[in-house]
Amino acid sequence: MNAYKLFQDYIRLQHRIDECYHELAVRQKLSDSALLVLWTLVDLGEGCTQRDICLQFSLTKQTVHSSVRKLAKEGILTLRPGPGREVRVYPTEAGRALIREKVIPLKQAEEAASLRMGEAELRSMLDLTQKWFSLFQEETDSIPKP
């Protein structure tokens with residue numbers, strides 16, 4: 001098997017992982033973006049900004065804004081002004097309950113799987129993925145931008 005075919009297998013696996021997270025969101029009756037917004041509140045803590053959420057999962061501003069507004073309208077989140085033009089995102093009591101019920105179990109499963117794999121294997125996986133991404137960026141630098 002040549003190197004490019006192996007890489008295609010890797011990409012297919014990445015898509016399967018993405019699909020698994022999508023199915024988990026659906027199972028929890030959440031949109032993909034709502035799950036990631038709530039997940040970020042667990043990772044970064046209450047009061048993070050929408051920009052923080054965008055950066056955490058490489059989401060677009062529009063996706064995060066729409067999801068946060070919808071969750072706020074549903075009474076899951078509340079928005080409070082921060083310094084300057086910042087808007088801080090906080091879960092309501094209903095949001096905290098939703099996070100405990102639907103997000104924390106998924107994060108615990110992710111952590112358990114990671115612990116079973118071990119630090120050395122995860123470090124190798126991360127290092128190799130970072131190396132490939134760096135090489136890919138070098139290869140695409142010459143492609144003209146619109």
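The values are calculated or read from the model by the stated rules, or taken from the named source; none is laboratory data. These numbers come from a predicted model, not from an experiment. In this analysis, Cβ positions are derived from the backbone assuming ideal geometry, glycine residues included, and neighbour counts consider all displayed protein chains. For accessibility, only protein heavy atoms count, side chains too; no ligands or nucleic acids. Shrake-Rupley method; radii C 1.70, N 1.55, O 1.52, S 1.80 Å.
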Of the criteria (1) under 13 Å from LEU38 (Cα atoms); (2) buried (at least 16 other Cβ atoms within 10 Å of the Cβ), which one THR78 fails: (2)
Test: residue in the stretch 46-59 that is in contact with a strand residue (DSSP E or B) (Cβ under 7 Å, 6 or more places away or on another chain), open to solvent by 90 Å² or more (accessible area, probe 1.4 Å) and of a type in the set (D, E, K, R): yes
Residues (within 29 Å of ARG80 (Cα to Cα) and open to solvent by less than 60 Å² (accessible area, probe 1.4 Å)) located in the stretch 5-30: ALA25, GLN28, LEU30
Total residues in the stretch 52-75, condition more than 14 Å from LEU36 (Cα to Cα) and in contact with a helix residue (DSSP H, G or I) (Cβ under 8 Å, 6 or more places away or on another chain): 1
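Among the helices (runs of 4 or more DSSP H) confined wholly to the stretch 42-146, which include 3 or more residues that are aliphatic (A, V, I, L, M)?
Output list reads 61-73, 93-98, 104-117, 119-140.
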ALA112, sole failed condition from (1) open to solvent by 60 Å² or more (accessible area, probe 1.4 Å); (2) of a type in the set (A, V, I, L, M, F, W, C); (3) within 27 Å of SER31 (Cα to Cα): (1)
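Just to verify a result, which residue in the stretch 81-100, among those that are modelled with pLDDT of 95 or more and either among the hydroxyl-bearing types (Ser, Thr, Tyr) or over 13 Å from LEU38 (Cβ atoms) (or both), is most open to solvent (accessible area, probe 1.4 Å)? Step through it out loud before you land on a result.
We begin by selecting, within the stretch 81-100, every residue modelled with pLDDT of 95 or more; these are 88-100.
Those still in the list that are either among the hydroxyl-bearing types (Ser, Thr, Tyr) or over 13 Å from LEU38 (Cβ atoms) (or both) too: 88, 90, 92-93.
Values: ARG88: 64, TYR90: 51, THR92: 34, GLU93: 125 Å².
Going through the qualifying residues, I end up with GLU93.
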Index of the failed condition, SER124 passing every other in (1) surrounded by 11 or more Cβ atoms within 10 Å (Cβ to Cβ); (2) closer than 18 Å to GLN14 by Cα; (3) of a type in the set (Ser, Thr, Tyr); (4) under 17 Å from the mean Cα position of the chain (by Cα): (4)
